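Structure first, commentary second.
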Amino acid sequence: MDTDALTSDDEALVAHATETCERTFDPDFFDGAHIVAAAVRTTDGDVYDGVSLPASVGSASSCGEPVAVGSAIADGVARGDLETCVAVAYPMAAHDADEVRVVPPCGTCRELLADYRDDLRVIVPVDGDDRVARAIDLLPTRTW
């Protein structure tokens, strides 16, 4: 998979998502709700936030990335104007993490991001560094 280094705008997006994650984390709801925060930047530079939404029925839960994409779409952003997405996770003892960190999208979110814009730039961790990949390149194969 080809990846690129982060730009200063990408670093600012990670910082934005990190602030959202730290601000919205709720340790008293579902043993830690809103563990993941996501941010989507548009080609105009606007940023839309999303947080993971746990629910007692697993299928009703949502990841941060679709919440952020949905926020942008609800505000009138066209699919082609989605430019970059990042998700970060709150540090949890179970993951031996002591600070907010970039996390890759789950399989379902990879499909969703590629559906909305296959060349969407997605910030992911690669060998200890945060890098940028195209959404479509995060999928091992796609037959449609």
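The values are calculated or read from the model by the stated rules, or taken from the named source; none is laboratory data. Here the structure is a predicted model, which means the values were calculated and not measured. Note: ideal-geometry Cβ built from the backbone for every residue, glycine included; neighbour counts use all protein chains shown. Just the protein is used for accessible areas: all its heavy atoms, side chains included, with ligands, DNA and RNA removed. Shrake-Rupley method; radii C 1.70, N 1.55, O 1.52, S 1.80 Å.
For the reader, a short list of remarks on this structure follows.
- Test for V124: is it touching a residue at least 60 places away in the same chain (Cβ under 8 Å), surrounded by 12 or more Cβ atoms within 10 Å (Cβ to Cβ), at negative phi and touching a Pro at 6+ places or on another chain (Cβ under 9 Å): yes
- A residue that is at pLDDT below 95 and open to solvent by 60 Å² or more (accessible area, probe 1.4 Å) occurs somewhere in segment 60-78.
- Candidates D115, D130, D98, filtered to the one that is surrounded by 12 or more Cβ atoms within 10 Å (Cβ to Cβ) and either among the hydrophobic types (A, V, I, L, M, F, W, C) or not in a helix (DSSP H, G or I) (or both): D130
- Test: residue in segment 43-52 that is touching a residue at least 24 places away in the same chain (Cβ under 8 Å), more than 24 Å from T7 (Cβ to Cβ), under 16 Å from the mean Cα position of the chain (by Cα) and open to solvent by 50 Å² or more (accessible area, probe 1.4 Å): no
- Residues that are surrounded by fewer than 21 Cβ atoms within 10 Å (Cβ to Cβ) and modelled with pLDDT under 95 occur in segment 33-40; there is at least one.
- Total residues in segment 53-70, condition closer than 21 Å to D10 by Cα and either among the hydrophobic types (A, V, I, L, M, F, W, C) or touching a residue at least 24 places away in the same chain (Cβ under 8 Å) (or both): 7
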